[in-house]
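To start, the structure itself, in structure tokens.
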Amino acid sequence: MAVRSGVGTALVRAWAARRLPPGAAILDIGCGSGMPIAAALVADGFTIWGIDPSPRMIAAFRRRLPGMPAACEPAQASDVFGRRFEGAIAVGVLFLLRPADQLALLRRVAGALVPGGHFLFSAPRARAAWTDSLTGGASVSLGVEAYAVHLADAGLRLLRSERDEGGNDYHETIRAA
């Protein structure tokens, strides 16, 4: 929690303001402690549903954002995907999953979005593998071209990609109406 910076928060806030209706419900996949992104979105009037597999992170999320729903479970098995959301975010988390789990998660996100709903995720534009600096675990980016194909297979369309002030790539998608 101590090493989480505000890098990317402005980009996520701008995305939500541009793409989602006021007060929209947003699923935050890998929400961590809720700082700084979920807290900023709540301050902007959105409702955040957080999921994270870490009991410690979910406890911190609940302390910081009391009244925002949160579940301590891995995204791959979360019951939260049975609900419907106008938006979903996965910042710094998708590439931590094995490639097969990434593809399954894209399908789960598509199924949880309302028609016309938006999904924003971060992953390097290029295909790459590395050791994550925060978790120490293996990370894999499939690359934006491969993500575009898999997103389309899941019923999502890649709208655009942009880079935050820290050099991290974010990809905006929409579910077909």
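Overview of values
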| read-out | value |
| --- | --- |
| Residue list for the range 138-156, filter: over 13 Å from Val109 (Cβ atoms) and of a type in the set (D, E, K, R) | Glu145 |
| Residue among Asp44, Asp28 that alone is in contact (Cβ under 8 Å) with a residue 60 or more places away in the chain and under 21 Å from Gly6 (Cβ atoms) | Asp28 |
| Candidates Arg13, Arg63, Arg18, filtered to the one that is under 20 Å from Tyr170 (Cα atoms), basic (Lys, Arg) and surrounded by fewer than 13 Cβ atoms within 10 Å (Cβ to Cβ) | Arg18 |
| Residues being surrounded by fewer than 21 Cβ atoms within 10 Å (Cβ to Cβ), of a type in the set (Gly, Ala, Ser) and either touching a strand residue (DSSP E or B) at 6+ places or on another chain (Cβ under 9 Å) or under 19 Å from Val7 (Cα atoms) (or both) - total across the range 47-60 | 2 |
| Tally of residues being on the phi > 0 side of the Ramachandran plot and assigned to a strand (DSSP E or B) across the range 85-122 | 1 |
| Conditions (1) in contact (Cβ under 8 Å) with a residue 40 or more places away in the chain; (2) crowded, with 18+ Cβ neighbours inside 10 Å; (3) of a type outside the set (Phe, Trp, Tyr); (4) touching a Ser or Thr at 6+ places or on another chain (Cβ under 9 Å); number of the one not met by Val80 | (4) |
| Residue check, Gly87 within 16 Å of Tyr170 (Cα to Cα), small (Gly, Ala, Ser) and in contact with a strand residue (DSSP E or B) (Cβ under 6 Å, 6 or more places away or on another chain) | yes |
| Residues that are loosely packed, with under 13 Cβ neighbours inside 10 Å, over 17 Å from the mean Cα position of the chain (by Cα) and part of a strand (DSSP E or B), drawn from the range 128-177 | Ala129, Trp130, Thr131 |
| Qualifying residue in the range 28-46 (condition: part of a loop (DSSP other than H, G, I, E, B), surrounded by fewer than 23 Cβ atoms within 10 Å (Cβ to Cβ) and of a type in the set (D, E, K, R)) | yes |
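Yes/no matrix, rows are residues, columns are (1) in a loop (DSSP other than H, G, I, E, B); (2) touching a residue at least 60 places away in the same chain (Cβ under 8 Å); (3) closer than 26 Å to Val144 by Cα; (4) charged (D, E, K, R):
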site	(1), (2), (3), (4)
Ser5	yes, yes, yes, no
Ala14	no, no, yes, no
Arg18	no, no, yes, yes
Ile51	no, no, yes, no
Arg62	no, no, no, yes
Gly67	yes, no, no, no
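Every number in this text was worked out from the coordinates using simple rules, so none of it is lab data. What you see is a predicted model, and the numbers here were worked out from it, not measured in a lab. As a convention, Cβ positions derive from the backbone with ideal geometry for all residues, glycine included, and neighbour counts pool all protein chains shown.
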